[in-house]
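To keep things clear, I will list the structure first and then write my remarks on it.
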């Protein structure tokens, strides 16, 4: 390390890695992973979300697993709640759709209407 | 970039290591692997979280869920339920032990023990992986030294510390800025900066936790102080009884060297710096600064008179500044955020925070950082949950063998250097030992005297022989052979030892006696005149007796007594021979009819 610029560079990279441990609100992506969700492929969905976030270099998003909420026929369910916005529930989300949700909704803030199950009222556990 | 959806933090402080956290860690890795989760879950071993009595501790982020007393068998459940299915495991969560209903508290920040603290020094312990320099840098690590080296002159660093009002956290409370100023002004090309990590007070472990949990903050603080005084060499003197702290510090120094943060021409500023460890051999007296410096020089760890002060002639005869671990750990935060920021914490003349190691008869044993000026009641009752088992609080011992005890009526005293001194105690390094009503204060004084007498280096007569004589008198009193005039003898000895000892260890040695005499003189009198130990602790003053009405002459006590002091016949109450009895209490525990009492 030669200069302060080098130190800043390391800090920016490292911050991504520990940001989850800081308190404070951030965008949440909840994947419902009861038995029904897992059977419908929620594991692949969540893996795709994490992978896409990593590819796009987004560190400040919480990806949470939740239990079954009773909408089993819509599994895999993915709920996105951007900081300060209403949460949106998407149904039948496979890997490809999951990646689109990350790019369009999580990052750009555009709701993908065609996959929405229930908009504006969170029926999630939180 | 590798992205993890969750971070699992395993507390890796000495306390949790002792309760088996490393096995839990290994099992965690195994279970994650088994469930195919290794790629998405980050497992981090951190420094001490602070709640040492409920370890091993796991914390799961981003939910900030706090699990306590996690055993190897519990790991599979946490992984399968919480990590895999997103259903946190209630039964392993933190429980508020003060509330009557068993209530589980999910989140780390909802726990009183944590949310009532102000963490400046401990900001990173329990949050980062102390073996990874990047995690320290992520939390603004090495920004302060970068700022100092590129934007500030050494004297400006001195001024900033002076303005912050930081006082030495090792005990005496000498203003840290003035010490740096003395070092800065001292003549000479060769100077040394020393970190005193020879923490030896019984029950104190603040410095250890800091060295284990955030070693880079010590390195950065040492760099700042060294830059301020003009030293290119620093030593951290750490006791050998802290192998984990030594290990983590060695790793940290190695990483800092690899990053060019230690070495020549740091940040292109022309500042060269080298930091080395010196491991002590286990003598308490080496926490005294002159003795410590002799130990660094390779000589016997014995104190020498001051003056000359270390800032004039310290290690190898060169000007040296010596500060305690916690003092040094404050410096990066002060330089980075400014003295005005630091001044917002604490009270007049006592700025900032202090870390306390709370132990003894207390619900939550552990490490607590609070603003100076916080009352003892807040620390002991609100944060640490008070005295367990429905017992009454009697006193708190503060400052270790050089400190004193503070009884219940002073619980609302704000903790400051000056308030503690006026009560005959002292801040010391920050060990707080809480005592309930079953503690005998004479026995407590005897315990500390036993410690200082053992640890006296023997160089000067008052300390070597004086502490021995005081200990003998205390032993006599606790054994039931106290004589009239013993209290006066103790007072006379205490005064002359305090006046004439060579170093701080000897001068402060009588403090535990003076302070217990001040607040609990009646207990001494009860021992000597009344041949009674009010707390029922001193075996020499106890009689074990069999209550005739209750005894059914079953003979269990006679069989269990290790010294055959109990005898009797069928149909008649048994009798204890008081001369043979050692008051071990085994018979009391074994009696099925509660027919044996000790008083």
**Conditions (1) in contact (Cβ under 8 Å) with a residue 24 or more places away in the chain; (2) more than 24 Å from residue B:457 (Cβ to Cβ); (3) over 26 Å from the mean Cα position of the chain (by Cα); (4) not in a loop (DSSP other than H, G, I, E, B): number failed by residue B:489** = (1)
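Taking residue B:155, is it over 25 Å from the mean Cα position of the chain (by Cα), more than 13 Å from chain A (Cβ to nearest Cβ) and within 14 Å of residue B:51 (Cβ to Cβ)? Break it down stepwise before answering.
On the way: over 25 Å from the mean Cα position of the chain (by Cα): yes; more than 13 Å from chain A (Cβ to nearest Cβ): yes; within 14 Å of residue B:51 (Cβ to Cβ): no.
No.
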**Asked** Take the residues of the stretch B:556-574 that are modelled with pLDDT of 90 or more and within 12 Å of residue B:595 (Cα to Cα): which is surrounded by the fewest Cβ atoms within 10 Å (Cβ to Cβ)?
**Response** B:556
**Selection count, the stretch B:230-279, where residues are crowded, with 16+ Cβ neighbours inside 10 Å, away from chain A (no Cβ under 14 Å), free of Cβ contacts under 8 Å to residues at least 60 places away in the same chain and over 29 Å from the mean Cα position of the chain (by Cα)** = 1
**Asked** Considering A:59, A:24, which residue is at the interface with chain B (Cβ under 7 Å from one of its Cβ atoms) and part of a loop (DSSP other than H, G, I, E, B)?
**Response** A:59
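Output the residue which, of all residues in the stretch A:62-77 that are more than 9 Å from every other protein chain (Cβ to nearest Cβ) and either in a loop (DSSP other than H, G, I, E, B) or touching a helix residue (DSSP H, G or I) at 6+ places or on another chain (Cβ under 8 Å) (or both), is surrounded by the fewest Cβ atoms within 10 Å (Cβ to Cβ). Outline the logic, then answer.
Pass one, the stretch A:62-77, residues more than 9 Å from every other protein chain (Cβ to nearest Cβ): A:68-77.
Now drop any that are not either in a loop (DSSP other than H, G, I, E, B) or touching a helix residue (DSSP H, G or I) at 6+ places or on another chain (Cβ under 8 Å) (or both), which leaves A:68-72, A:75-77.
Working: A:68: 16, A:69: 19, A:70: 10, A:71: 16, A:72: 15, A:75: 25, A:76: 26, A:77: 29.
If we take residues in the stretch A:62-77 being more than 9 Å from every other protein chain (Cβ to nearest Cβ) and either in a loop (DSSP other than H, G, I, E, B) or touching a helix residue (DSSP H, G or I) at 6+ places or on another chain (Cβ under 8 Å) (or both), then A:70 is surrounded by the fewest Cβ atoms within 10 Å (Cβ to Cβ).
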**Request:** Can you tell me which residue within the stretch B:19-53, out of those that are modelled with pLDDT under 90 and in a helix (DSSP H, G or I), is nearest to the other protein chains (Cβ to nearest Cβ)?
**Result:** B:52
**Request:** Identify, by number, the condition in (1) more than 10 Å from every other protein chain (Cβ to nearest Cβ); (2) under 24 Å from residue B:2 (Cβ atoms); (3) outside any loop (DSSP other than H, G, I, E, B) that residue A:54 doesn't meet.
**Result:** (1)
**Message:** For the stretch B:95-126: of the residues being in contact with a helix residue (DSSP H, G or I) (Cβ under 6 Å, 6 or more places away or on another chain) and at pLDDT 90 or above, which is farthest from the other protein chains (Cβ to nearest Cβ)?
**Reply:** B:121
**Request:** Test each condition in (1) part of a helix (DSSP H, G or I); (2) within 9 Å of another protein chain (Cβ to nearest Cβ); (3) at pLDDT 85 or above for residue A:30 and report the one that comes out false.
**Result:** (1)
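Being part of a helix (DSSP H, G or I) and within 19 Å of residue A:8 (Cβ to Cβ) is the filter here; which residues of the stretch B:225-279 pass it? Break it down into steps so the answer makes sense when it comes.
Keep residues of the stretch B:225-279 that are part of a helix (DSSP H, G or I), which gives B:225-229, B:243-258.
The answer is B:255, B:256, B:258.
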**Asked** Applying the selection to the stretch B:54-94, what residues are part of a loop (DSSP other than H, G, I, E, B) and either at pLDDT below 90 or surrounded by fewer than 23 Cβ atoms within 10 Å (Cβ to Cβ) (or both)?
**Response** B:55, B:62, B:63, B:64, B:68, B:69, B:71, B:85, B:86, B:87, B:88, B:89
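So is residue B:464 farther than 20 Å from residue B:402 by Cα, in a helix (DSSP H, G or I) and without any contact (Cβ under 8 Å) to a residue 12 or more places away in the chain or not? Please lay out each step first, then the result.
Numbers: farther than 20 Å from residue B:402 by Cα: no; in a helix (DSSP H, G or I): yes; without any contact (Cβ under 8 Å) to a residue 12 or more places away in the chain: yes.
Taking the combined requirement at face value, the residue does not satisfy it.
Quick check, is residue B:472 free of Cβ contacts under 8 Å to residues at least 24 places away in the same chain, outside the structural domain of residue B:406 (by TED's automatic domain parsing), over 30 Å from residue B:308 (Cα atoms) and assigned to a helix (DSSP H, G or I)? Outline the logic, then answer.
Values: free of Cβ contacts under 8 Å to residues at least 24 places away in the same chain: yes; outside the structural domain of residue B:406 (by TED's automatic domain parsing): yes; over 30 Å from residue B:308 (Cα atoms): yes; assigned to a helix (DSSP H, G or I): yes.
Yes, satisfied.
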**Request:** Might you check whether a residue that is under 27 Å from residue A:22 (Cβ atoms) and at the interface with chain A (Cβ under 10 Å from one of its Cβ atoms) occurs anywhere in the stretch B:64-74?
**Result:** yes
**Request:** Please work out which residue is surrounded by the most Cβ atoms within 10 Å (Cβ to Cβ), limiting yourself to the stretch B:127-152 and to residues that are within 25 Å of the chain's Cα centre (by Cα) and more than 10 Å from chain A (Cβ to nearest Cβ).
**Result:** B:130
**Item:** Criterion (more than 10 Å from chain B (Cβ to nearest Cβ), surrounded by 17 or more Cβ atoms within 10 Å (Cβ to Cβ) and more than 24 Å from residue B:80 (Cβ to Cβ)) met by exactly one of A:116, A:80
**Value:** A:80
**Complete:** Of the residues in the stretch B:1-18, those that are within 14 Å of another protein chain (Cβ to nearest Cβ) and either within 21 Å of residue B:53 (Cα to Cα) or within 25 Å of the chain's Cα centre (by Cα) (or both) number 4
**Prompt:** Is one or more of the residues making up the stretch B:95-102 free of Cβ contacts under 8 Å to residues at least 40 places away in the same chain and crowded, with 19+ Cβ neighbours inside 10 Å?
**Reply:** no
**Residue among A:8, A:2 that alone is more than 8 Å from chain B (Cβ to nearest Cβ), free of Cβ contacts under 8 Å to residues at least 24 places away in the same chain and more than 28 Å from residue B:59 (Cα to Cα)** = A:8
**Asked** Does the stretch B:460-467 contain any residue that is surrounded by fewer than 20 Cβ atoms within 10 Å (Cβ to Cβ), over 20 Å from residue B:291 (Cα atoms) and out of contact with any strand residue (DSSP E or B) (no Cβ under 8 Å at 6 or more places or on another chain)?
**Response** no
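Residues checked against (1) outside any helix (DSSP H, G or I); (2) in contact with a strand residue (DSSP E or B) (Cβ under 6 Å, 6 or more places away or on another chain):
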{"site": "B:162", "(1), (2)": "no, no"}
{"site": "B:171", "(1), (2)": "yes, no"}
{"site": "B:183", "(1), (2)": "no, yes"}
{"site": "B:188", "(1), (2)": "yes, no"}
{"site": "B:203", "(1), (2)": "yes, yes"}
{"site": "B:217", "(1), (2)": "no, no"}
{"site": "B:222", "(1), (2)": "no, yes"}
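The values are calculated or read from the model by the stated rules, or taken from the named source; none is laboratory data. The shown structure was predicted, so the numbers you read here are calculated from the model rather than taken from an experiment. Don't worry about glycine lacking a Cβ; one is built from the backbone with ideal geometry, like all the others, and counts go over all protein chains shown.
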